[in-house]
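First the structure, which I've put down as structure tokens, then a few questions once you've had a look.
Values quoted throughout were computed directly from the atomic coordinates according to the rules given, and no laboratory measurement underlies them. Every value quoted in this text rests on a predicted model; they were computed, and no experiment measured them. Note that we place each Cβ from the backbone using ideal geometry, even for glycine, and neighbour counts take in every protein chain shown.
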Ligand SMILES: NC(=O)c1ccc[n+]([C@@H]2O[C@H](COP(=O)([O-])OP(=O)(O)OC[C@H]3O[C@@H](n4cnc5c(N)ncnc54)[C@H](O)[C@@H]3O)[C@@H](O)[C@H]2O)c1
């Protein structure tokens, strides 16, 4: 790798990936449409350290509409993280935006890569999601059936399938990584860890959907970055890997961890479970361990501590 593209560079995970790539000496072209899924100032903040770097080139580009062929020319790798995330908001009329940012954007990017001479095509590393599995007993290996439970999950699976067919029909070096609940500094404000920590820092109650016994395989953002770099080096066309942190915990466990780190007691407001929310996610990461030497390094408590420190700065709170 030397010249790389990161789509969704101003987002939570994409911005961490940019920082790491820049620290390793790569030329990074960051593409982002700065969509309104959360405030623009937060996305600018995410890009804070990359923005001033001489090897970082930001372009405000909408993958659904703008010309992409010239952009991908000359790149060694395209890390494709741009998407509209979020399970609960994917029902109803907003699905058109999910189709655009998750499915059409991926197809246009793959077409742009395909338009290049075969020898000059970049590797594509696609950010897929555990939501492609739906609600299944785990640990789940990559060949487990896919039964997404939300329109978001359907859109992520559709884009993953696009990567697969462009790999099989045109030999495009497209690799999909199924991330499991990513957390850490800069986490999106709609995500549970962020909402709970914000409540803890601001002395507000938390909203818990369901009985809080639903479990997630929490994955620290730095470990997801490691997986992306390894996939760019060692992934093969059509590969799919689970990327889970091995921090399996319930929402109630997560709340207890946040209470301990922030030294507060959180008041819980219990709401009904939401359509599309699954009861459990649990990754089998053996393939990623074997082929990508993927070893998640950051545990839940340590990652929460780092996220709390970042969010104290974000919201200007010292306590
Ligand atoms: N955060 C998680 O736990 C998680 C889990 C599984 C998969 N993922 C996937 O990882 C990726 C990154 O997620 P995130 O949490 O960092 O989200 P994010 O919203 O913080 O980042 C996504 C970025 O993509 C940009 N974007 C959206 N549509 C675009 C378009 N049409 N053209 C250009 N840019 C566009 C947005 O402006 C945003 O900055 C997504 O593909 C998401 O589906 C995330």
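Does at least one position in the range 231-239 carry a residue that is part of a helix (DSSP H, G or I) and farther than 27 Å from residue 154 by Cβ?
For the range 231-239, residues part of a helix (DSSP H, G or I) and farther than 27 Å from residue 154 by Cβ: present.
Right, here's the next one. Mind listing just one residue for me: the one in the range 65-85 that is surrounded by fewer than 18 Cβ atoms within 10 Å (Cβ to Cβ) and touching a residue at least 12 places away in the same chain (Cβ under 8 Å) and, of those, nearest to the ligand (Cβ to nearest atom)?
Applying the filter and picking the extreme gives 69.
Filter the range 151-182 down to residues that are outside any helix (DSSP H, G or I) and within 12 Å of the ligand (Cβ to nearest atom), then give me how many there are.
Matching residues across the range 151-182 total 7.
Here's something else I'd like to know. Within the range 36-57, is even one residue in a strand (DSSP E or B) and either more than 21 Å from residue 181 (Cα to Cα) or out of contact with any helix residue (DSSP H, G or I) (no Cβ under 7 Å at 6 or more places or on another chain) (or both)?
Checked against the condition, which is being in a strand (DSSP E or B) and either more than 21 Å from residue 181 (Cα to Cα) or out of contact with any helix residue (DSSP H, G or I) (no Cβ under 7 Å at 6 or more places or on another chain) (or both), the range 36-57 yields at least one hit.
Here are 82, 127: which of them is part of a loop (DSSP other than H, G, I, E, B) and either on the phi > 0 side of the Ramachandran plot or within 21 Å of the chain's Cα centre (by Cα) (or both)?
Step by step, each of 82, 127 is checked, and only 82 is part of a loop (DSSP other than H, G, I, E, B) and either on the phi > 0 side of the Ramachandran plot or within 21 Å of the chain's Cα centre (by Cα) (or both).
Sticking with this structure for a sec: Out of all the residues in the range 33-55, which are free of Cβ contacts under 8 Å to residues at least 12 places away in the same chain and either away from the ligand (no atom under 13 Å from the Cβ) or in contact with a strand residue (DSSP E or B) (Cβ under 7 Å, 6 or more places away or on another chain) (or both)?
Correct list: 48, 51, 52, 54.
Take the range 191-215 and flag every residue that is more than 9 Å from the ligand (Cβ to nearest atom), outside any helix (DSSP H, G or I) and within 27 Å of residue 294 (Cβ to Cβ).
214, 215
Right, something else. Go over the candidates 28, 6 one by one and state the one that is within 13 Å of the ligand (Cβ to nearest atom), closer than 24 Å to residue 117 by Cα and in contact with a strand residue (DSSP E or B) (Cβ under 7 Å, 6 or more places away or on another chain).
It is 6.
For residues that are touching a helix residue (DSSP H, G or I) at 6+ places or on another chain (Cβ under 7 Å) and within 13 Å of the ligand (Cβ to nearest atom), scanning just the range 103-123, find the one that is farthest from residue 172 (Cα to Cα).
Among them, the one singled out is 103.
I would also like to ask the following. Any residue that is more than 14 Å from the ligand (Cβ to nearest atom) and either in a loop (DSSP other than H, G, I, E, B) or under 22 Å from residue 228 (Cα atoms) (or both) - is there at least one of those in the range 93-102?
Scanning the range 93-102, I find no residue that is more than 14 Å from the ligand (Cβ to nearest atom) and either in a loop (DSSP other than H, G, I, E, B) or under 22 Å from residue 228 (Cα atoms) (or both), so the answer is no.
List the residue pairs whose Cβ atoms are under 6 Å apart, where the first residue sits in the range 17-32 and is under 15 Å from residue 233 (Cβ atoms), the second is crowded, with 23+ Cβ neighbours inside 10 Å, and the two are 6 or more positions apart or on different chains.
Hits for this filter: 17/6; 17/79; 17/228; 21/4; 21/28; 26/4.
Out of the range 9-25, which residues are near the ligand (Cβ under 8 Å from one of its atoms) and either surrounded by fewer than 24 Cβ atoms within 10 Å (Cβ to Cβ) or not in a helix (DSSP H, G or I) (or both)?
The answer is 9, 10, 11.
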